[in-house]
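A quick write-up on the structure given underneath.
The values are calculated or read from the model by the stated rules, or taken from the named source; none is laboratory data. It should be emphasised that the depicted structure is a prediction, and the values quoted were computed from it without experimental measurement. A quick note on method: Cβ atoms are made from the backbone with ideal geometry, for glycine too, and the neighbour counts reach across all protein chains shown. Side chains are part of the model used for accessible areas, which takes the heavy atoms of the whole protein and leaves out ligands, DNA and RNA. Shrake-Rupley method; radii C 1.70, N 1.55, O 1.52, S 1.80 Å.
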Amino acid sequence: MKLRRSARAVFVSVLLSAGLLAVPGQAQAAPSDADLAYRWAPVHYQDTSSAYYTAEYTSPVDYDGDWNTLNNWENLDANTARLTGTAYYSVVETSTHWYITYAFYHPRDWKDYPLNWTSHENDMEGVLEVVLKDGSTYGTLQAAVTQAHDNYYSYIPAGSPSRATARTSTAPC
């Protein structure tokens, strides 16, 4: 009986050292929405009007201390120190992908045109990224689509199954 237990112990030791007997490891925790947003955050470049550049700062929607966006035009110059760089994000998850949206708010979309008739208050622009859950911690980017007014530009990395359309660019967004 003692010999049988010793043989069994040797057999189990051999299997463990050979990796043939699986010992469950700790499951890796899924990244948080904030971790995903930070990992895939775009580099944001922006052109501003030299005539009124503070109007186009990326800022919080409530930069003037209230959530009333109907008074933002009037409150723009009250305290420009509150126009701090701000980006909003949202992460939507399916069983196969993460869809990460970044939004950038500008108090005004300011134009240098002679009549300034295209300038307007409350400008929100952004980017949507499609990330494949491929088993790695943060997945693999499959596509990105930027939006500003009625302009949409897409980026599709090499090897992505996403397909180009008439308004798709292969250049970085």
Next item on the list: Report the full-extension gain for the segment Ser95 to Tyr152: residue separation times 0.36 nm, less the Cα-Cα distance, to one decimal in nm.
Entry: 17.8 nm
Notebook entry, point to check: What FRET efficiency do you get for Asp77 and His120 if R0 is 25 Å and r is their Cβ-Cβ distance, rounded to the nearest 0.05?
Noted result: 0.90
Next item on the list: Which order do the peptides 41-50, 55-64 take when ranked by the mean count of other beta-carbon atoms within 10 Å per residue, highest first?
Entry: 55-64, 41-50
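Rounded if a/c is under 1.5, else prolate if a/b is larger than b/c, else oblate: which is the stretch 40-87, with a ≥ b ≥ c the root eigenvalues of its Cα gyration tensor?
oblate
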Notebook entry, point to check: How do Ile100, Ile156 rank by accessible surface area computed with a 1.4 Å probe, from largest to smallest?
Noted result: Ile156, Ile100
Notebook entry, point to check: Taking amide H positions as placed 1.01 Å from N in the peptide plane, with prolines and chain starts having none, which residues 5 or more places from Ala143, or on another chain, fall under 5 Å of its amide H?
Noted result: Val130
